[in-house]
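See structure below.
Values quoted throughout were computed directly from the atomic coordinates according to the rules given, and no laboratory measurement underlies them. Nothing here was measured: the structure is a model prediction, and the numbers come from that model. Note that each Cβ is placed from the backbone with ideal geometry, even for glycine, and that neighbours are counted across all protein chains shown.
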Amino acid sequence: MTFTPAPLEGCFIITPRIFNDDRGYFFESYNEQKFNEGVGAKIKFVQDNQSFSTKGVLRGLHFQKGEYAQSKLVRVTRGEVLDVAVDLRKSSSTYGRSFSILLSEENNTQFFIPRGFAHGFIVLSDVAVFQYKCDNNYNKTSEGGLHHADPELQIDWVLPFNELLVSDKDKELPFLKDVSHLGF
């Protein structure tokens, strides 16, 4: 595995070493020791999640606040998504900045997002299966989010806004300037 620092402080793009032959391919998608060495932190994942979505579905931008903040290791096992992270850590040199990366079943790239970030993705293929590991359990009372169309974040979601399928709940999320103390 190769760990490349992303433009947001603490985030990493993880590229597996893939072994191909006439039978197919093999790669190690996760190894705790290599992962912790690669990101320079001791992360213990406690929850795995998976979602299935169709083209145009935009999930996010979500985060967990306070003691329930979560680091995530995300990947796509079917289809293609544009994955987005937004740094919400006031003390960070990249506070308020966003970063986008294409994740797909073709590139097998993974993206590590530490605690203190909002996260979301949009499905660019007909369907997508999105998988992610979290280092903290979900807590409903600690959930938060940012509006996907916040102009301050300058996110290019690739698809035209009239093609985005966004939940009613996510359509009501606040802009970054309206979010109060998050505990990051």
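The table for this structure:
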{"read-out": "Dipole magnitude of the chain about its Cα centre (Cβ charges: Lys, Arg +1; Asp, Glu -1), debye to nearest 20", "value": "500 debye"}
{"read-out": "Residues whose placed amide H lies under 5 Å from that of Leu159, excluding near-sequence neighbours", "value": "none"}
{"read-out": "For the range 40-128, radius of gyration divided by Kirkwood radius, i.e. Rg to Rh on alpha-carbons", "value": "0.97"}
{"read-out": "Cross-link partners of Lys171 among lysines (Cα-Cα below 24 Å; sequence separation of 8 or more within a chain)", "value": "Lys55, Lys65, Lys72, Lys140"}
{"read-out": "Set of aspartates and glutamates with alpha-carbon distance to Lys34 below 14 Å, sequence-local pairs under 8 removed", "value": "none"}
{"read-out": "Using alpha carbons only: equivalent-ellipsoid semi-axes of the chain, gyration tensor based, whole Å", "value": "26, 21, 14"}
{"read-out": "Using θ = phi - 60° and Karplus 6.51 cos²θ - 1.76 cosθ + 1.60, couplings along the range 38-46 (whole Hz; Gly, Pro as x)", "value": "x, 9, x, 8, 9, 10, 10, 7, 10"}
{"read-out": "Helical contribution to [θ] at 222 nm, DSSP H n ≥ 4, -39,500 (n - 2.57), averaged over the chain, rounded to 500", "value": "-1500 deg cm²/dmol"}
{"read-out": "Rounded D (µm²/s) - the range 36-79, Kirkwood Rh over Cα pairs, Stokes-Einstein at 25 °C, 0.890 mPa s", "value": "185 µm²/s"}
